[in-house]
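Presented below is the structure to which this report refers.
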């Protein structure tokens, strides 16, 4: 562990640990159609990238998202596992929700990311 002693300004860090998948923005138009079919009241702007799609899914489902430069990570935090829920049940629920929109070929797993921006 690195310790820094002294004053630090204009810096930020972000990290997360979810069970989910990385989704690229390759087929944005098809994903928008799928999300709008599932949620007709959703407004998603073409050309605004995966952030709009993922934000809509986050607001309409129990999933969360984290944007990247070329897509997003979407899934559910491990801290949200139910008291009576097994890890297998948790994974199955998350995978079903993700595959509903992104197809059966998407691979899910635990994703841990951290970055420093400063």
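Full extension from residue 96 to residue 84: what is 0.36 nm times the residue separation minus their Cα-Cα distance, to one decimal in nm?
Result: 2.4 nm gained on full extension.
Which translational diffusion coefficient, to the nearest whole µm²/s, is obtained for region 15-112 from the Stokes-Einstein equation, given a Kirkwood hydrodynamic radius over C-alpha pairs, 20 °C and 1.002 mPa s?
It comes out at roughly 157 µm²/s.
Only the coordinates and a few stated rules stand behind these numbers; no lab work does. Nothing here was measured: the structure is a model prediction, and the numbers come from that model.
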